[in-house]
Amino acid sequence: MADKITLHDPRGFPPVVTGKTLAPRLESLDGKVVYLVDCLFDNSEIFMDQLGQWFAENMPDVDARMIKPKASWVDDPDMRSNIEADGDAAILGVGL
């Protein structure tokens with residue numbers, strides 16, 4: 001398989017991507033608000049429900065709150081501002 005192939009991307013030029021650092025890790029989730037974000041992918045609501053149940057059973061001191069954007073694949077500034085104002089962390093559920 002020494003032959004090379006050429007692949008052309010029909011979308012044109014790739015976008016410029018700027019890397020960002022991750023948010024600092026919390027020392028503990030006890031007493032914190034963690035938003036479970038259902039990103040509206042297939043089965044993500046089921047997964048996030050199960051994750052919420054896991055928090056209730058295994059980490060009852062964590063306030064795990066479900067939240068959904070208004071639409072899939074579209075930024076939801078209201079949802080983001082709620083998470084920023086009230087939350088300490090967020091977990092994004094993208095489905096199974």
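The values are calculated or read from the model by the stated rules, or taken from the named source; none is laboratory data. Here the structure is a predicted model, which is why all the values come from computation and not from measurement. Glycine also receives a Cβ, built like all others from the backbone with ideal geometry; neighbour counts cover every protein chain displayed.
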Q.
Suppose the filter is assigned to a loop (DSSP other than H, G, I, E, B) and on the phi > 0 side of the Ramachandran plot; does GLY12 pass it?
A. yes
**Q.** Output for segment 55-81, where each listed residue is touching a residue at least 24 places away in the same chain (Cβ under 8 Å), out of contact with any strand residue (DSSP E or B) (no Cβ under 7 Å at 6 or more places or on another chain), under 21 Å from PHE41 (Cα atoms) and surrounded by 14 or more Cβ atoms within 10 Å (Cβ to Cβ)
**A.** PRO69
Q: Consider LEU26 carefully, then state whether it is assigned to a loop (DSSP other than H, G, I, E, B), surrounded by fewer than 13 Cβ atoms within 10 Å (Cβ to Cβ) and within 16 Å of the chain's Cα centre (by Cα).
A: no
Q) In segment 42-57, is there at least one residue being closer than 26 Å to PRO77 by Cβ, out of contact with any helix residue (DSSP H, G or I) (no Cβ under 9 Å at 6 or more places or on another chain), modelled with pLDDT of 85 or more and of a type in the set (A, V, I, L, M)? A) yes
Q: State yes or no: is GLY12 of a type outside the set (Phe, Trp, Tyr), over 20 Å from the mean Cα position of the chain (by Cα), modelled with pLDDT under 95 and surrounded by fewer than 15 Cβ atoms within 10 Å (Cβ to Cβ)?
A: yes
